[in-house]
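**Q** Here it is, the structure in full.
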Amino acid sequence: MTHHGAAQGGDDGGTRVEPEWGRTGDGTPVARWVLDDGTVRAGLVEHGARIQSVLAPDRDGALADVALGFAGLAPYEGKGRSFGATIGRFANRLAGGTFPLDGRTVAVPVTDRGNAIHGGPRPFSQALWTAHEVPGACGVRFSLLSPDGDNGFPGALSVHVTYVLHDGVLAVETSATTDAPTVVNLTNHAYWNLAGEGSGTVDAHLLQVDAAQFLPVDPTGVPTGERRPVAGTPFDLSEPVPVGYRLRDGERAGDEQLARGSGFDHCYVLADVPGGEREVSRAARAEEPVSGRTLEVWTDQPGLQVFTGGTLAGTLVGKAGAAYGPRAGLALEAQAFPDAPNHPGFPTTVLREGELFRSLTEFRFGVS
């Protein structure tokens with residue numbers, strides 16, 4: 001690891017590093033980087049290039065940690081591997097662990113109900129990334145080289161994830177290049193609870209998603225290929241609605257899609273154009289009414305996976321000492337469409353030599 005500017009920042013803001021925040025199971029030290037813009041303070045960990053904490057003010061200025069996560073490294077090496085992490089090489093699901101690429105079929109390990117999910121058994125969320133301070137900014141850049149054949153994916157992939165904090169906005173810029181054709185879908189898997197992690201469920205959060213369609217899934221969580229209008233369904237989040245109300249309403253109606261996702265675990269269609277090109281614009285807004293904290297997600301990605309954490313089972317204990325049960329947090333993951341390589345009508349996720357994958361997602365924290 002390379003650590004620059006370790007002493008900069010402190011209580012006056014800026015960027016600082018805790019060089020031995022934790023150690024992996026084999027004893028390798030892992031650093032935690034702290035970004036502080038005077039309003040919001042974010043903790044970022046080299047293991048998984050992950051968001052470990054975000055302290056954001058309520059309408060009275062009181063800070064709370066709104067990112068689910070853990071005080072030590074061990075849970076991140078186990079069942080908490082996805083919390084706050086950079087997910088890759090291919091976020092979300094690949095049906096049957098196979099996909100076509102240039103006339104051949106590529107097979108990768110299956111890890112979830114017969115499908116590949118979140119990159120495989122040794123994903124980016126379990127990698128130790130190198131880190132450097134971003135010159136002239138309150139930020140840190142994580143880098144990783146994924147070798148050819150990593151988890152079955154072809155091509156050596158060079159990946160960079162840059163976090164910059166400014167005026168309450170945590171910007172996440174991801175880039176990647178390859179030396180051979182491959183598929184790429186990278187996202188961040190932070191869970192948010194704007195009342196503070198460990199404070200209970202997100203049922204009272206008002207959630208709005210700026211999308212007119214979502215992708216229905218089969219019983220194993222893989223998109224069927226259909227783009228379904230949200231209108232007239234529990235998935236209509238075009239206006240702010242309490243998460244718990246919408247889930248209960250859908251459950252009473254026996255909604256098959258909510259049952260398959262144990263709540264929301266579906267990709268919303270943000271851009272449905274060739275290639276999935278999209279200007280950076282708002283994808284979602286969440287508000288916690290009591291504290292007044294708000295979070296807007298802005299992105300250039302074509303999809304937004306909305307996950308209400310229905311499968312959290314209370315087996316992981318967060319920083320505040322509370323077990324994380326169902327709906328303890330809300331994940332808003334900007335990404336490509338799940339299983340895109342197996343659906344010719346979905347925006348492509350193929351990356352070739354000489355091309356640059358780039359995505360920008362902003363988590364904008366505020367108050368109502």
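**Q** Hey, among G254, G263, which residue is on the phi > 0 side of the Ramachandran plot, part of a loop (DSSP other than H, G, I, E, B) and either touching a Pro at 6+ places or on another chain (Cβ under 7 Å) or exposed (fewer than 14 other Cβ atoms within 10 Å of the Cβ) (or both)?
**A** G254
**Q** Of the conditions (1) small (G, A, S); (2) closer than 18 Å to N92 by Cβ; (3) free of Cβ contacts under 8 Å to residues at least 40 places away in the same chain, G136 fails just one. Which one is it?
**A** Among (1) small (G, A, S); (2) closer than 18 Å to N92 by Cβ; (3) free of Cβ contacts under 8 Å to residues at least 40 places away in the same chain, G136 violates only (2).
**Q** Within region 314-368, can you find the residues that are touching a helix residue (DSSP H, G or I) at 6+ places or on another chain (Cβ under 6 Å), more than 15 Å from E277 (Cβ to Cβ) and among the polar types (S, T, N, Q)?
**A** Matches in region 314-368: N342 only.
**Q** Select from region 104-125 the residues that are among the hydrophobic types (A, V, I, L, M, F, W, C) and either in contact with a helix residue (DSSP H, G or I) (Cβ under 8 Å, 6 or more places away or on another chain) or farther than 26 Å from F142 by Cα (or both) and list them in ascending order.
**A** Residues satisfying the conditions are V106, A107, V108, V110, A116.
**Q** Mind listing whichever residues of region 185-220 are over 30 Å from S291 (Cα atoms), in a loop (DSSP other than H, G, I, E, B) and more than 17 Å from the chain's Cα centre (by Cα)?
**A** P216, D218, P219, T220
**Q** Considering only region 30-53, how many residues are more than 26 Å from T201 (Cβ to Cβ), assigned to a loop (DSSP other than H, G, I, E, B) and of a type in the set (A, V, I, L, M)?
**A** 1
**Q** Starting from region 76-100, take each residue that is of a type in the set (S, T, Y) and list its partners that are at pLDDT below 95, counting only C-beta distances under 8 angstrom and pairs at least six apart or across chains.
**A** S82/H118
**Q** Here is a follow-up. For residues that are closer than 16 Å to L207 by Cα and either modelled with pLDDT under 95 or crowded, with 16+ Cβ neighbours inside 10 Å (or both), tally how many sit in region 270-282.
**A** The number of residues fulfilling the criteria is 1.
**Q** For the condition among the small types (G, A, S), modelled with pLDDT under 95 and under 28 Å from V317 (Cα atoms), what is the one hit in G43, G120?
**A** That would be G120, the only listed residue that is among the small types (G, A, S), modelled with pLDDT under 95 and under 28 Å from V317 (Cα atoms).
**Q** Moving to a separate point now. Which strands (runs of 3 or more DSSP E) does region 54-126 wholly contain that include 3 or more residues that are closer than 17 Å to L351 by Cα?
**A** By residue number, 98-101, 104-107.
**Q** Criterion first (buried (at least 18 other Cβ atoms within 10 Å of the Cβ), under 21 Å from R285 (Cα atoms) and not acidic (D, E)) does S146 satisfy it?
**A** Against the criterion (buried (at least 18 other Cβ atoms within 10 Å of the Cβ), under 21 Å from R285 (Cα atoms) and not acidic (D, E)), S146 does not qualify.
**Q** Going residue by residue through region 300-307, is there one that turns out to be surrounded by fewer than 18 Cβ atoms within 10 Å (Cβ to Cβ) and out of contact with any Asp or Glu (no Cβ under 8 Å at 6 or more places or on another chain)?
**A** No, because not a single residue in region 300-307 is surrounded by fewer than 18 Cβ atoms within 10 Å (Cβ to Cβ) and out of contact with any Asp or Glu (no Cβ under 8 Å at 6 or more places or on another chain).
**Q** Exactly one condition in (1) more than 24 Å from S82 (Cβ to Cβ); (2) surrounded by 23 or more Cβ atoms within 10 Å (Cβ to Cβ) is not met by S368; state its number.
**A** Against the list (1) more than 24 Å from S82 (Cβ to Cβ); (2) surrounded by 23 or more Cβ atoms within 10 Å (Cβ to Cβ), S368 comes up short only on (2).
**Q** When you look at L165, is it among the aliphatic types (A, V, I, L, M), surrounded by 18 or more Cβ atoms within 10 Å (Cβ to Cβ) and in contact with a Cys (Cβ under 9 Å, 6 or more places away or on another chain), yes or no?
**A** Here the answer is yes, as L165 does meet what is asked.
**Q** Considering only residues that are in contact (Cβ under 8 Å) with a residue 60 or more places away in the chain and in contact with a helix residue (DSSP H, G or I) (Cβ under 8 Å, 6 or more places away or on another chain), look in region 221-236 and name the one that is farthest from A67 (Cα to Cα).
**A** Ranking the qualifying residues of region 221-236, first place goes to V222.
**Q** For the condition within 20 Å of the chain's Cα centre (by Cα), surrounded by fewer than 17 Cβ atoms within 10 Å (Cβ to Cβ) and not in a strand (DSSP E or B), what is the one hit in A313, A320?
**A** Sole residue among the options that is within 20 Å of the chain's Cα centre (by Cα), surrounded by fewer than 17 Cβ atoms within 10 Å (Cβ to Cβ) and not in a strand (DSSP E or B): A313.
Yes/no per residue for (1) at pLDDT below 95; (2) surrounded by fewer than 18 Cβ atoms within 10 Å (Cβ to Cβ); (3) more than 28 Å from Q52 (Cα to Cα):
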position	(1), (2), (3)
E197	no, no, no
A211	no, no, yes
L215	no, no, yes
R228	no, yes, yes
F235	no, no, yes
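**Q** (1) in contact with a Cys (Cβ under 8 Å, 6 or more places away or on another chain); (2) more than 21 Å from R122 (Cβ to Cβ): which one isn't true of N92, the others all being true?
**A** Result: N92 fails condition (2) only.
The values are calculated or read from the model by the stated rules, or taken from the named source; none is laboratory data. Computed from a prediction, not measured in an experiment: that's the story for all the values here. When we count neighbours, we look across all protein chains shown, and the Cβ atoms used for this are built from the backbone with ideal geometry, even at glycine.
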